[in-house]
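The values are calculated or read from the model by the stated rules, or taken from the named source; none is laboratory data. This one's a predicted model, so the numbers in the text were calculated from it and none came from an experiment. All Cβ positions, glycine included, derive from the backbone under ideal geometry; neighbour counts span all protein chains shown. Please note that ligands, DNA and RNA were not included when accessible areas were found on the heavy atoms of the full protein model with its side chains. Shrake-Rupley method; radii C 1.70, N 1.55, O 1.52, S 1.80 Å.
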Amino acid sequence: MSGYQRPYAASGGLRLHLNEHTGGCSPRVLEALRRLDSLAAGLYPDYGNLAEQAAAWFGVKPDELALTNGLDEGILATCVLAFRGRASADAVIVEPAFDMYEVCVTAMTGAVRRVRMRPGLRFSADDVIAATGPETRVIFLNDPHNPSGTQLDYEDAARIARSAPGALVFYDEAYAEFAGRSFIPRALADHPNVIVGRTFAKCYGLAGLRLGALIAQPQRIAELTAVIPPYSVNAYAAAALRATLADREYVDAYISQSAASRELIYAFCREHQLAFWPSAANFVLIRVGDNVGAVTNALAARDVFVRDRSNEPGCDGCLRITAGRLDDTRAALAVFEEVLCAAR
Ligand SMILES: *Cc1c(COP(=O)(O)O)cnc(C)c1O
């Protein structure tokens, strides 16, 4: 049991391997953090109406949302809820998948039922339903999907949720802002077993402060709140979230830059005859080929960090690159170009 391996990257370079915001947080967040005094550090955080503000941001009611210490904690809380007190229970994970699903299931001594995506990384709801057993307590869905950037069909998601009323469906929307759509309204209206996960790490630029949210029907949120520590969002994160929610412009600007960056990356791939998956998120999965490890290392040697995903099922020869601010993407693609030319 090894847990999560933190990927390496030097701090100075162009970090395009963890789908972070390439420009960091909004300047207004920094101002808010600078205004905090010694008591802010010394006292337990006073959240005031923070959860209400976050709920309003997502268009839900306050009792339909719980804030978490990053979405990772939301995944862990979901697993605690699903697995506590159960001797034999399992989770369905569709691979390739975000690493923390398995880490948290394993931490709660759950077993993993693996479903491979079909060739070309196509999602199959039938395969997920077929893999679900009587002891299945959680089904993990991820939309847009990391690492392919592909989207789920909402009818498929609804069918899966209805097929397993005794399981929780963790609907991971870490990249939903980039896709411009959300399963939240359907989950709240029709699916008591669906928990939607959101994060402020990716398009809001708050990965270092650790902030996520779980959204579900009120009864479910009450159950989750009971297993989340009372002060898991710290005072700095709380202040940052308030400032972020008051600066929609900053987020919107990044979302449109990311969309334009994706187009640049697609054009680059076409020019170099590299296969790629059109993405609804802030990253693109590219099939570089057998030399993907050497290419990733050559990029890193020039301070451009991308993620070699070639060991993931269905991702042979692939790397994943973040589509952030346009200038960062242009700079990265210029280096990529040199590396590819040198390799040929
Ligand atoms: C980044 C990511 C998360 C975790 O977000 P944090 O808020 O940083 O914990 C969850 N799910 C997916 C698919 C992600 O890519």
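So here's what we get for this one:
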item: Residue-span extension gain [Glu135 to Leu18] - 0.36 nm each, minus C-alpha spacing; result: 38.8 nm
item: Cβ-derived FRET efficiency at R0 41 Å, Asp63 paired with Asp37, nearest 0.05; result: 0.80
item: Extension gain, Gln53 back to Ala226 (0.36 nm per residue minus Cα-Cα distance, nm); result: 60.2 nm
item: Cβ-derived FRET efficiency at R0 51 Å, Arg159 paired with Ala342, nearest 0.05; result: 0.60
item: Average projection area in nm² (convex hull over Cα atoms of region 219-344, one quarter of hull surface); result: 11.0 nm²
item: Rough spin-label spacing in nm, given labels placed 7 Å along Cα→Cβ, for Arg84 and Arg181; result: 3.6 nm
item: The chain - mean residue ellipticity at 222 nm from DSSP helices (-39,500 (n - 2.57) per run, n ≥ 4, rounded to 500); result: -12500 deg cm²/dmol
item: Average Cα contact separation per residue, the chain, under 8 Å, 6 or more apart, as relative contact order %; result: 24 percent
item: C-alpha center-to-center spacing [region 223-279, region 176-199] in angstrom; result: 16 Å
item: Solvent-accessible heavy-atom area per residue, rounded to whole Å², over the chain at 1.4 Å; result: 43 Å²
item: Around Arg116: net Lys/Arg minus Asp/Glu count, Cβ-Cβ under 9 Å; result: 0
item: Label-point separation, His272 to Asp252 (7 Å along Cα→Cβ), nm; result: 3.4 nm
item: Table column - 3J(HN,Hα) (Hz), region 14-21, Karplus curve with 6.51, -1.76, 1.60, x for Gly and Pro; result: 8, 8, 10, 10, 10, 6, 6, 6
item: Gyration tensor (Cα) of the chain, equivalent ellipsoid semi-axes in angstrom; result: 31, 27, 17
item: Centre separation in Å (Cα based) which lies between region 1-80 and region 118-167; result: 27 Å
item: For region 42-135, convex hull of alpha carbons as volume per residue, Å³; result: 166 Å³
item: For Ala275, distant residues with modelled amide H under 5 Å away; result: Arg287
item: Residue list for region 114-154, given a label point 7 angstrom along the Cα-to-Cβ vector of Asp190 and an amide N cut-off under 15 Å; result: 152-154
item: Max mean-square fluctuation residue, GNM over the chain, Cα-Cα springs under 10 Å, options Gln273, Gln257, Gln53; result: Gln273
item: Candidates Glu31, Glu173, Glu64, ranked by Gaussian network fluctuation over the chain, Cα under 10 Å, top entry; result: Glu31
item: Rounded to the nearest 20 debye, dipole of the chain from Cβ charges on Lys, Arg, Asp, Glu; result: 180 debye
item: Dipole-positive endmost among Trp57, Ser38, Pro7 within region 1-60 (Cβ charges, Cα centre); result: Pro7
